[in-house]
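*Asks:* First, the structure itself, so that you have it in front of you.
The values are calculated or read from the model by the stated rules, or taken from the named source; none is laboratory data. Since this is a predicted model, take the numbers as computed values, not measurements. Positions of Cβ are generated from backbone atoms using ideal geometry, with glycine treated the same way; all protein chains shown enter the neighbour counts.
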Amino acid sequence: MKFYSELIKLIETCPCPASFKEADTGKYIVNNACNARQFGVLNPKDLNGLTINDLKFAQPTWGAQYASTIEKLDFLASDEKRFVTDRHLFLDDSGEVRYEKLTKAPVLGLRKKILGIVTYRHDLTHTVPLADLCALYEQFYEKPEVITRLLQYFKIDTNFITQPSEGQFNVLLQKARGYSTKEIAKRLDLAPRTVDSHMAALRGKTVDGGLSSALLSIKAQSAR
């Protein structure tokens, strides 16, 4: 009894999304607030007794694939009685894309009987190279929405009066990486004057000083 209370306390206070579920049924026994919130549930206790297949996902088709992956990892951890890790994309209830590392650990009782499966997830999105973030979001959204989401991710959406075009945004990301006009032109297969034109358009679409601030914010976010 004390063991369970200590385990529940550990999960509830874990700084990253964490849960404990029954090994045979896959039903949640306890979740912390962070885990529940990413599934769009305010009260973690509302998840108790549900399985991953009972949850509603922002994109149902992807959600079904994700649930299937989770079930397979649960089975592997339970069947082989060992830690199991996986890295994959996760789309939370707000529509934010995350690249995460998931770890599952079987909880063993007497005679190595499986009591349940503990799961905790670490957000690794900040480790994704800046050049690859667009590709990450493009797995879920069309290009205009990708730009909208990434402006929000970098916390620079309020810097812009009008959203940048695809070409302008690509130049913005390259500029944030410290490349010169000539280097950007070569990397994006553009004429240098086109790069300059995109930069001028970006300056026209931002509030005063907004472009410099945006570049600094992108650098800071990608350097975490």
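*Asks:* Select the strands (runs of 3 or more DSSP E) contained entirely in region 55-126, then report the ones holding at least 1 residues which are aliphatic (A, V, I, L, M) and under 16 Å from the mean Cα position of the chain (by Cα).
*Replies:* 84-91, 97-108
*Asks:* Take the residues in region 27-40 that are in a loop (DSSP other than H, G, I, E, B) and modelled with pLDDT of 95 or more; name whichever of them is nearest to THR119 (Cα to Cα).
*Replies:* So, considering only residues that are in a loop (DSSP other than H, G, I, E, B) and modelled with pLDDT of 95 or more, the one nearest to THR119 (Cα to Cα) is ASN32.
*Asks:* (1) in contact with a strand residue (DSSP E or B) (Cβ under 9 Å, 6 or more places away or on another chain); (2) within 30 Å of GLU145 (Cβ to Cβ): which one isn't true of LYS104, the others all being true?
*Replies:* With respect to (1) in contact with a strand residue (DSSP E or B) (Cβ under 9 Å, 6 or more places away or on another chain); (2) within 30 Å of GLU145 (Cβ to Cβ), LYS104 is out only on (2).
*Asks:* While we're on this one: How many of the residues in region 1-30 are farther than 15 Å from THR103 by Cα and within 21 Å of the chain's Cα centre (by Cα)?
*Replies:* 2
*Asks:* Turning to a different aspect of this structure: If you check every pair at least six apart or on different chains, which have Cβ atoms under 7 Å apart with a residue in region 57-81 that is under 20 Å from ARG111 (Cα atoms) first and a residue that is assigned to a helix (DSSP H, G or I) second?
*Replies:* LYS81/LYS112
*Asks:* In addition: Only one residue in GLY178, GLY116, GLY204 is of a type in the set (Gly, Ala, Ser) and in contact with an Asp or Glu (Cβ under 6 Å, 6 or more places away or on another chain). Which one?
*Replies:* Within the list GLY178, GLY116, GLY204, the selection yields GLY116.
*Asks:* Hey, among ALA214, ALA200, ALA220, which residue is assigned to a helix (DSSP H, G or I), more than 20 Å from GLY95 (Cα to Cα) and in contact (Cβ under 8 Å) with a residue 60 or more places away in the chain?
*Replies:* None of the other options fit; the residue is ALA214.
*Asks:* Among the listed residues GLY116, GLY63, which satisfies the condition of being buried (at least 17 other Cβ atoms within 10 Å of the Cβ), touching a strand residue (DSSP E or B) at 6+ places or on another chain (Cβ under 9 Å), of a type in the set (Gly, Ala, Ser) and over 22 Å from LYS9 (Cα atoms)?
*Replies:* Exactly one residue qualifies, and that residue is GLY63.
*Asks:* Let me ask something else. Just one of (1) in contact with a helix residue (DSSP H, G or I) (Cβ under 7 Å, 6 or more places away or on another chain); (2) surrounded by fewer than 19 Cβ atoms within 10 Å (Cβ to Cβ); (3) of a type in the set (Lys, Arg); (4) in the same structural domain as LEU73 (by TED's automatic domain parsing) trips up ARG111, so point out which.
*Replies:* (1)
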